[in-house]
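Readers should treat all values here as calculations from the given coordinates under stated rules, not as data from a laboratory. The shown structure was predicted, so the numbers you read here are calculated from the model rather than taken from an experiment. Neighbour counts run over all protein chains shown; Cβ positions are idealised from the backbone, glycine included.
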Amino acid sequence: MTRKKFSPEFKAEAVRAVIESSRTVAEVARDHGIGSETLRNWVNAYRRDHPDELPEISEPERAELARLRKEVRELKAEREFLGKAAAFFAKEFR
């Protein structure tokens, strides 16, 4: 099996399509006809080489991130409680 060779311009275009949009790596890879892991490697390499070019988080995104983090904390606490309750009732009914 032979490896495909991609031009630097093609790689840059595919990476830019991921970084500058809200599309996933898989979507962009499918549109460009390449493997998602290949594109993910290119994106990770770009981000390593250009750490200062990460996009700023807008205020609405910052608020949503805070809301989602709070929700994750609450869900983890609920899951922990339900696990303890299940263990308690399982012990009671033996």
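Some observations on this one:
- Eligible lysines near Lys70 by straight Cα distance, threshold 27 Å, same-chain separation 8 or greater: Lys84
- Relative contact order (percent, whole number), the chain, Cα cutoff 8 Å, 6+ residue spacing: 16 percent
- Rounded to the nearest 10 degrees, the inclination of helix 36-49 to the longest alpha-carbon principal axis of the chain is 80 degrees.
- Stretchable slack from Phe93 to Phe10, in nm (0.36 nm times residue separation minus alpha-carbon distance): 23.5 nm
- Using the Cβ of Ala66 as centre and a radius below 14 Å, the other residues enclosed give a net charge of 0, where K and R count +1 and D and E count -1.
- Each of Ala63, Thr24, His50 was scored by the projection of its Cα onto the charge dipole of the chain, and the greatest displacement toward the positive side belongs to Thr24; charges sit on the C-beta of Lys, Arg, Asp and Glu.
- Peptides 22-31, 42-51, 83-92 ranked from most to least packed, by the mean per-residue count of other Cβ atoms within 10 Å: 22-31, 42-51, 83-92.
- Förster radius 35 Å - calculated FRET efficiency between Leu68 and Ile19, Cβ distance, rounded to 0.05: 0.95
- Relative contact order, percent, region 1-55 [alpha-carbon distance under 8 Å, six or more residues apart]: 27 percent
- Label-point separation, Ser58 to Arg79 (7 Å along Cα→Cβ), nm: 3.0 nm
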